[in-house]
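Before any comments, here is the structure.
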Amino acid sequence: MENKDTSYWQENLRLIFICLAIWFFVSFGLGLLLVEPLNTIKLGGYKLGFWFAQQGSIYSFLGLIFWYGAKMNKLDKKYHAED
Amino acid sequence: MEELKLYTYIAVFGTFGVYFAIAWWARAGTTSDFYVAGGGITPLQNGMAIGADWMSAASFISMAGLIAFLGYGGSVFLMGWTGGYVLLAMLLAPYMRKHGKFTVPEFIFDRYYSKTARIVAVACLIIASLTYIIGQMKGVGVAFSRFLEVDYDNGLYIGMFVVWVYAVLGGMKGITYTQIAQYVVMIFAYTIPAVFISLQLTGNPIPQLGLGSTLADGSGMYLLDKLDLVVTDLGFKEYTTANLGGTLNMFAYTISLMIGTAGLPHVIMRFFTVPSVQAARSSAGYALVCIALLYTVAPAVGAMARLNLMNTIEPAAGQNLEYAERPQWFKDWEKTGLLKYEDKNGDGKIQYTSNKTDQPVTITSAVSGKEIILLPNEMVKVDRDIMVLANPAIANLPNWVIALVAAGGLAAALSTAAGLLLAISSSISHDLMKGVLTPDMSEKNELLAGRVVMTIAIMVSGYLGLNPPGFAAGTVALAFGLAASSIFPALMMGIFSKKMSGPAAIAGMCSGIGITMLYVFQHKGIMFIPGTSFLGDMGPNWFFGISPNAFGAVGAIVNFAVAFAVLKFTGPAPAHIQAMVENMRVPGNVSAAHDH
C-alpha cells in the first residue's frame, strides 16, 4: 500500500511538473520575456507576442487543465484510487 | 433618452427579480443542506457558479477599461486572473477536497494543528477579502451613479444598501443557482455589445478574431495597426507594445495575480462542495472555460473601445469634435463626474492628447514618424472604469444593449460581493468565534454574528470606496497580492511538504503578508487613506521598480523562505500530521464534505 501510494504521488508530481513548465512557458516565456522577438512575427493583425499575452496563454491554460484532468483520471484508475 | 431609462429599469429590476426568485425557490427546496449545494449540480453548472463568484466588477467593468488604456501592459490581468486556475487545479483543489472541510482556516487548523494558525489565517483572509470588496464597491458605485443619474457618492450609498439587502437575504442559501443566473446575464451582457462592435468595425462577428482583422472602413488596415497609429499620433504609448512598468514589474504582477487567484478563500471554498476529487479537477477546468469566454473577449472590447473613443473625439487628424456637438453619452458621464472636459485654448473643440502641460509641445510620433504639435489635453478626467459601461453608447448601439450592460455590471459586482461577504462572515463566526473563542455558541448566534460581521464589512468597504485608492481593478489587484503572500504558500506547503510544521507556517504567513502590507501602506497610505503614505507612490521609490500591486509575488517568496528557515530550527510536524498529508494526496475513500 505504502509503495503504491508513493509511486502514485511520484507520477502525479511528474505530470504537475510538465504542466507547470508549459504553463510558465506560454505565459511568462512567450507572452512576456520573448515578447519582443515574437512581435516581429504576425498572426493576422496580431503581433505574435501580443497574441500570446492576451489570447494564446488563456487557450493554453484551458488545454493544460483538461489534459491534466484526463491524465489523472487514468492514473486514478491504474492505482484504483478512484472514488 | 427616456427609452434608454425605461430599458435600463426593466433590465436591472428584471434580473434582480430573477435572482431573488431563484434564491427564494432554492431556499424553499433545500432547507436541509445548508452548505453542500446538493448532488444535482453538474460540473458545468458549478463552473458557471464559480465564474460568477470569481468574475467581479473588476473583471466586468474595470478590466477592459484598463486594457484600453494600458494596451499590452493590461495583459498582466488577462494572464494573471486565468493562470491561477491551473495552479488551483493541480496544486490545491483536489487535495483540499479530499481532506473535506468547509473553510480555509479550518483546513489550516487541521494541517498545522494550531489555533494560532487558524487565527492568523482568519486575519489574512479578512484583510485580503476586505480589500477585494472595496473594488466591488467602487464598481457598484460607478454602475449605480450612471444608471440612476446621481453622483458617484450617492451611487455608492445606494450600492451599499443593495449589497447589504442582497447578501443578508439572498446570499446565504441557494447561492449556487443564483450565481448561475448571474453568470448567464453577465456573459450575455459582455459579449453581445462586443459582437456588435466587432461587426461594425471589422465585419467579423467574433470579437477574438475581429481584433486581429482588418478594418471594414475600406482602408484595408489591420485594426491594431490603426490603433497604434492613432494613439501614437496623439502622443500616447503604442498600444500593442506599451509596457507596464518594465518586464520585471509585469512578471511580478502576473505571478502575484496568479497565486493570489489560487489563494483567495471564496474561490477555494467552491471546490469543497463538489462530489469527488475528480470533480474538483474538472470543475476547475469548466470554471476556466466560463471565465475564458469573457477574458478572451475583453482585449477586443478594450482595444475597440479605445479606437471608438479616439475616433469620436477626433474623426480625422485635426478635425476635432465641437464640445457643443458632443454626443449624449458624453453628457451623461459628465454628470457622474467621471468624465471632465476643460476648454483650455478656448476654441470650443475637444483636444484629447497626452500633453499634460498648458503649452503645445512638438513630438515625433513613434509609429508614423511624423512631427506633430500636441495641443494641451482637454479631457482632464477620463475614468477608466467607465469604458465598458460607456462602450455600447460610444458605438451607437441600440438602447437595450446599453441597458443589458448595466444589468451585467451589477450582476458581476453583486455576485462577488456576496461570495466575499460570505467568506468573511463565515471566517469570523465559524472559525474565530465558534472555532476558537466561544465553542459552545448556538447556531442561531453564529448566524447572527455572521450578519453583524457582514454589515460592518460593508460599512468599512463603503468608507474606503468613497476614498478610492485607485481604479477598481487596481484595488482588487492589491487583494490578490495579500492572498498570494499569505494563504497560497501556507496551503501549498501544507500539501507538498509533509514535514512543514505549524510554527514555521505561522511565521511564513505573518512575514509574507506583513511585508506586503508594509510595502503597500508605505506607498499607498495606511489603510489606503490618502496623505498617510510615508514614501511617495512613484517609480523611483519602488523596490526594483515593482509596483505595490505586484508586490504579492515578493511577499510569497518571503513567506516560503521564512517558513523553511523556521522549519529547519524547530523540527518537522508530528507523525500523525504527516500521515494525514499522505492520505490527502491519494484520492480513494473520499469523505463527503462534512462540518466537523
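The values are calculated or read from the model by the stated rules, or taken from the named source; none is laboratory data. Please read all numbers here as calculations on a predicted model, not as lab measurements. FYI the Cβ positions are ideal-geometry reconstructions off the backbone, even for glycines, and counts take in every protein chain you see.
Filtering the range A:28-38 to residues that are over 18 Å from the mean Cα position of the chain (by Cα) and at the interface with another protein chain (Cβ under 9 Å from one of its Cβ atoms) leaves A:Val35, A:Glu36. Being modelled with pLDDT under 80 and over 22 Å from B:Lys349 (Cα atoms) is a property that B:Ala406 lacks.
Given the residues A:Asn12, A:Asn3, A:Asn73, which is the only one that is part of a helix (DSSP H, G or I), over 27 Å from B:Leu209 (Cβ atoms) and within 7 Å of another protein chain (Cβ to nearest Cβ)?
Working: A:Asn12 fails: within 7 Å of another protein chain (Cβ to nearest Cβ); A:Asn3 fails: within 7 Å of another protein chain (Cβ to nearest Cβ).
Checking each option against the conditions leaves just A:Asn73.
Give the residue that is nearest to B:Arg384 (Cα to Cα), with candidates limited to residues of the range B:288-299 that are more than 9 Å from chain A (Cβ to nearest Cβ) and part of a helix (DSSP H, G or I). Even if it seems obvious, please write down each step before you answer.
Going residue by residue through the range B:288-299, those that are more than 9 Å from chain A (Cβ to nearest Cβ) are B:290, B:293-294, B:297.
Remaining after also requiring part of a helix (DSSP H, G or I): B:290, B:293-294.
On the way: B:Cys290: 25, B:Leu293: 22, B:Leu294: 18 Å.
Looking at residues that are more than 9 Å from chain A (Cβ to nearest Cβ) and part of a helix (DSSP H, G or I), I get B:Leu294.
When you scan the range B:293-315, do you find a residue that is closer than 23 Å to B:Val150 by Cα and touching a Phe, Trp or Tyr at 6+ places or on another chain (Cβ under 8 Å), even just one? Scanning the range B:293-315, I find no residue that is closer than 23 Å to B:Val150 by Cα and touching a Phe, Trp or Tyr at 6+ places or on another chain (Cβ under 8 Å), so the answer is no. Checking each residue in the range A:39-62 for being within 17 Å of B:Asp225 (Cβ to Cβ) and more than 9 Å from every other protein chain (Cβ to nearest Cβ) picks out A:Thr40, A:Ile41, A:Leu48. Only a single item in (1) modelled with pLDDT under 75; (2) surrounded by fewer than 16 Cβ atoms within 10 Å (Cβ to Cβ) is not met by B:Gly435, and it is number (2).
In the set (1) within 13 Å of chain A (Cβ to nearest Cβ); (2) in contact with a Gly (Cβ under 8 Å, 6 or more places away or on another chain), B:Ser276 fails one condition alone, (2).
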